[in-house]
Amino acid sequence: MAVPDRPLDLEESAEVRRFYRLETRLLDSHRYEEWLDLLTDQVTYRIPVRETREEPDKELQGRFYHVDDDRFQLQLRVDRLQTEFAWAEDPPTRTRHLLYPTRALELEDGRVQTLTNLLLVVTRRNESSSILSGEREDVLRAVDGEWKLDHRIVRLDQAVLPVRSLSFFI
Amino acid sequence: MSTHRDTTPDLGRLIRDTREKLETGVVPIGIFDDRMWEFERSRIFERQWIFLGHESEIPEPGDYVVRTILDASFIVTRAPDDRIHVLHNICAHQGMEVCRTDRGSSTHFRCPYHGWTYDTTGDLVGVPLKDQAYGGDLDPGEHRLARVQNADTYDGMIFANLDPAAEPLEDYLGDFTFYLDLIMGRSTSGMEVTGPQRRVVETNWKFGPINSSGDRYHGVMAHRGAIEVGVRGDPSDDSGEKRDAVPFIAGPGTGHLTPDSALDLYPEDVIESRRAALSEEQLELVETFGYPSNTTLFPNTTFNTGKGVSADGDYPFTYIRTLRPLGPNETEISIWHAIERDAPEEFKKRSRKAMQFVFGISGTFTQDDAEIWSGISRSGQTSRSRDIEYSYLMRPDPEPIDVDGVPGRIFAETLTENNARQFLRRYLDTLEEGGA
């Protein structure tokens, strides 16, 4: 008999909030090696391409992604940023992730699903800032008593992105 | 028409000066600034064949995509008789856009303003209150969505030319078809594309095509970080200095034939179908020199083949990329993944996953290109830039290789800036002829 999804209890809520505070701090201060420690080995990290459609539920179904990474690829992205030759992040892009949680549920398998509204302000060198907005859908899994990111889909609102690269993480 | 400070005679002089300098290996930075922009619009983007998409994006009658040339919106439709039409997305009544989405499927397009309704061929099939409003005086044949007469396909790719007097697409492509077939005509099942992934970058549209016409030199530094960590596989076979790739020039195409283009990583059936799709001369050419990679079709479409790593292993991919100018220093870059239609679905997925990791907005190669293209473009827009000249000196006259039965020219040396100069020669010729 399946256990239905249920709201988080107070303690779980506090842990999940702590997870996002830490993750946001690591991302916005470019501490990517530590950020990788927050991901499970099976993590999938995806940003689907949006198209404007008459039916909103078809807008992200184009089978095409801005980012479609596994753990191995994410590690290589971070490794590349550690070289002296990652020009798109030299000097590093300033990012500011502003999050607003809209849902958190415990799934039948014990993992936690969250929905978060996201406003991301991106500033490169002395150029004007660009804004990306959207929704993150995450699944967190407890590994050795710590919450880790197992899946992430970032549903950006923009069909045409106003940044020259996604050289940072969302 | 424009607030432009230069007039046509000045353009003529700029073209002549640039051409003279180009043959000595330098390029005045001025051709990347706003003096050329008005003429690029009218003489290149409104008179050359422009890539809009691929047949596989609109497989069923009624399917459509909306695409743009310069700033003008077009609906690319598949009609009930399977024919493809390119229609101006402007109501014939009072100009409202009749389609406001990027993609969909519909039997008709209805204007939200007064309700004039058009079918997928652009014919006016509905006018609300027609008799009361117009009596018998409205001839529907006179009020249809304007159709681009010169729209055609090659290897499944849809092109349009806004010049009613344009030469046929296949004549335009000329000798380049031989090479284009190796990329987009390489399967008896046809190719299919997914995409596009789109972004706006502050850059002049020409830097992408020039870079992708055959700049094998930049990999050594621009992509060093990505190569070192092995985003395309073992970095020890990937020094960045590809001595064995050979540049070619064919009609409106400039590119490289590359032995390591990863075309042998596809499933056996797919490779088998390739042998049936290509001619003996084509197969012989790829046997000797490899398939085209980083190849540009004038003016603004680039094709590339390559491979990328993932947890599942190394997967090959092909992409099509366009740089659509929005202004002299602003460009929308779109990229589509392309693959043989008969490849297994799981393989297609992994190929797309490998591609996004190397090329495209998050691509570990493309990120650094985009940073550099926008930096060069910024340099070209300053009050000092008109006196500055760029160097395209490297190996001005590469050694041609004679290959029997192969159109175009192939050259022996990898490291040359001759292909970039060829792109610019064609650019200048087109600007000049376009004014004739």
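Search the structure for amide H atoms under 5 Å from the amide H of A:TYR65, placed 1.01 Å from N in the peptide plane, and list their residues when 5 or more places away or on another chain.
Amide H neighbours of A:TYR65: A:VAL49.
Taking the Cα centre of segment B:76-198 as origin, work out the dipole magnitude from +1 charges on Lys and Arg Cβ and -1 charges on Asp and Glu Cβ, in debye rounded to 20.
The dipole of segment B:76-198 has a size of about 620 debye.
Mind checking which of B:SER362, B:ALA343, B:LEU326 is farthest towards the positive end of segment B:320-365's charge dipole, using Cβ charges of +1 (Lys, Arg) and -1 (Asp, Glu) about the Cα centre?
Towards the positive end, the residue furthest out is B:ALA343.
Taking the Cα centre of chain B as origin and charging only Cβ (+1 Lys, Arg; -1 Asp, Glu), how large is the dipole, in debye to the nearest 20?
For this selection, approximately 1380 debye.
Restricting to Cα pairs below 8 Å that are 6+ residues apart, what does the relative contact order work out to for chain A? Please round to a whole percent.
24 percent
On a C-alpha basis, how far is the centre of segment A:104-168 from the centre of segment B:361-417 in Å? Whole number, if you could?
37 Å
Using only Cα atoms, figure out Rg for segment B:25-96 and give it as a multiple of 2.2 N^0.38 Å.
1.50
Treating only the Cα positions of segment B:1-136 as identical point scatterers, give the base-10 log of I(q)/I(0) from the Debye formula at each q in 0.17 Å⁻¹.
The computed values of log10 I(q)/I(0) come out as -0.92.
Restricting to Cα pairs below 8 Å that are 6+ residues apart, what does the relative contact order work out to for segment A:48-106? Please round to a whole percent.
Taking the mean separation of contacting Cα pairs over the length of segment A:48-106, I get 21 percent.
Can you give me the orientation-averaged projected area of the convex hull built on the Cα atoms of segment B:147-252, in nm²?
Computing the convex hull of the Cα atoms and averaging its projections yields 9.9 nm².
Please give the Cα centre distance for segment B:136-182 versus segment A:28-46, rounded to the nearest Å.
48 Å
For segment A:27-79, compute Rg over Rh where Rg is the Cα radius of gyration and Rh is the Kirkwood radius from the inverse mean 1/r over Cα pairs.
That ratio is 1.12, to two decimals.
Rg/Rh for segment A:43-170: what does it come to with C-alpha atoms and Rh from Kirkwood?
0.98
Once amide H atoms are placed 1.01 Å from N in the peptide plane, what residues at a sequence separation of 5 or more from A:THR44, or on another chain, have their amide H within under 5 Å of its amide H?
It is A:HIS151, A:ARG152, by chain and number.
Any idea what Rg and Dmax come out to for segment B:246-297 if you just take the C-alpha atoms, in Å?
When restricted to Cα atoms, segment B:246-297 yields Rg and Dmax of 11.6, 32 Å.
Once you order the gyration tensor axes a ≥ b ≥ c over the Cα atoms, which shape class does segment A:1-109 get: rounded for a/c under 1.5, otherwise prolate or oblate by comparing a/b with b/c?
Oblate, because a/c is 1.5 or more while a/b does not exceed b/c.
Restricting the calculation to Cα positions, tell me the Rg (one decimal) and the Dmax (whole number) of the protein assembly as shown in Å.
25.4, 82
For segment B:242-376, what mean projected area does the convex hull of the alpha carbons give, in nm²?
9.4 nm²
For the charge dipole of segment A:1-152, defined by +1 on Lys and Arg C-beta atoms and -1 on Asp and Glu C-beta atoms about the Cα centroid, which residue among A:HIS30, A:ILE47, A:THR116 has the Cα displaced farthest towards the positive pole?
Toward the positive end, the furthest listed residue is A:HIS30.
What distance in nm separates the two pseudo spin-label positions at B:LEU70 and B:TYR113, each 7 Å out from Cα along the beta-carbon direction?
It is 2.1 nm.
Which length gain, in nm to one decimal place, applies between B:ASP17 and B:ALA276 when the Cα-Cα distance is subtracted from 0.36 nm times their residue separation?
88.4 nm
What are the residues whose amide H is under 5 Å from the amide H of B:GLY53, where those residues sit 5 or more places off or on another chain and H is modelled from the backbone?
Under 5 Å from the amide H of B:GLY53 lie the amide H atoms of B:ILE158, each far enough along the sequence or on another chain.
In degrees from 0 to 90, rounded to the nearest 10, what is the angle of the helix A:10-28 Cα long axis to the longest principal axis of chain A?
Around 10 degrees separate the two axes.
Test of understanding: what is the full-extension gain from B:ASP163 to B:GLU433, defined as 0.36 nm times their sequence separation minus their Cα-Cα distance?
95.9 nm
Over chain B, what is the mean sequence separation of C-alpha contacts under 8 Å (at least six apart), divided by residue count, expressed as relative contact order in percent?
20 percent
Hull surface divided by four, with the convex hull built on the Cα atoms of segment B:302-436: how many nm²?
Its average projected convex-hull area is 12.5 nm².
Under the Kirkwood approximation applied to all pairs of distinct alpha-carbon atoms, what is the hydrodynamic radius of chain B in Å?
23.0 Å
Running a GNM on chain B with Cα contacts under 10 Å, which residue among B:LYS206, B:LYS21, B:LYS307 ends up with the highest mean-square fluctuation?
B:LYS21
Just grab the label-to-label distance for A:ASN126 and A:THR83, each label 7 Å out from Cα along the Cβ direction, in nm (one decimal).
Here the answer is 3.0 nm between the modelled labels.
Using +1 on the beta carbon of Lys and Arg, -1 on that of Asp and Glu, and nothing else charged, what's the dipole of the protein assembly as shown about the Cα centre, debye to 20?
So the magnitude is around 1840 debye.
Apply the Karplus curve 6.51 cos²θ - 1.76 cosθ + 1.60, θ = phi - 60°, to the phi angles in segment B:145-160 and return the couplings in whole Hz, x for Gly and Pro.
5, 4, 9, 6, 5, 8, 10, 7, 10, 9, 6, x, 7, 9, 10, 9
Relative to the compact globular guide of 2.2 N^0.38 Å, what is the alpha carbon radius of gyration of segment B:130-174, as a ratio?
Dividing the Cα Rg of segment B:130-174 by 2.2 N^0.38 Å gives 1.84.
Using the Kirkwood radius over Cα pairs, work out the Stokes-Einstein diffusion coefficient for segment B:336-386 at 25 °C and 0.890 mPa s, in µm²/s as a whole number.
Result for D is 186 µm²/s.
Lys/Arg Cβ at +1, Asp/Glu Cβ at -1, dipole of segment B:1-150 taken about the Cα centre: which of B:ILE58, B:GLN94, B:TYR134 is farthest positive-ward?
In segment B:1-150, that residue is B:GLN94.
Could I have the simple spin-label model distance between B:GLU60 and B:ARG341, label points 7 Å from Cα toward Cβ, reported in nm to one decimal?
In this crude spin-label approximation the distance works out to 1.6 nm.
Over the residues of segment B:271-311, compute the C-alpha Rg and express it relative to 2.2 N^0.38 Å.
Expressed relative to 2.2 N^0.38 Å, the Cα Rg reads 1.46.
Kindly list the residues of segment B:89-117 that lie in the label zone of B:LEU138, defined by a backbone N under 19 Å from the point 7 Å along the Cα-to-C-beta vector.
B:89-99, B:108-117
I want to make sure I understand the PRE zone here: with the label point 7 angstrom from the Cα of B:ALA311 toward its beta carbon, which residues in segment A:33-75 have backbone N atoms less than 11 Å away?
The answer is A:40-45, A:69-75, whose backbone nitrogens lie closer than 11 Å to the label point.
How big is segment A:55-115 by the Kirkwood estimate over distinct Cα pairs, in Å?
Its Kirkwood hydrodynamic radius stands at 15.7 Å.
Please report, to two decimal places, log10 I(q)/I(0) for segment B:313-357 at q = 0.14, 0.24, 0.32 Å⁻¹ as given by the Debye formula with identical point scatterers on the Cα atoms and no solvent.
Here log10 of I(q) over I(0) equals -0.43, -0.80, -1.13.
Values in this text are rule-based calculations from the coordinates and carry no lab data. Quick caveat: nothing in here was measured; it's all calculated off a predicted structure. Please note: Cβ atoms are built from the backbone with ideal geometry, for glycine as well, and neighbour counts cover all protein chains shown.
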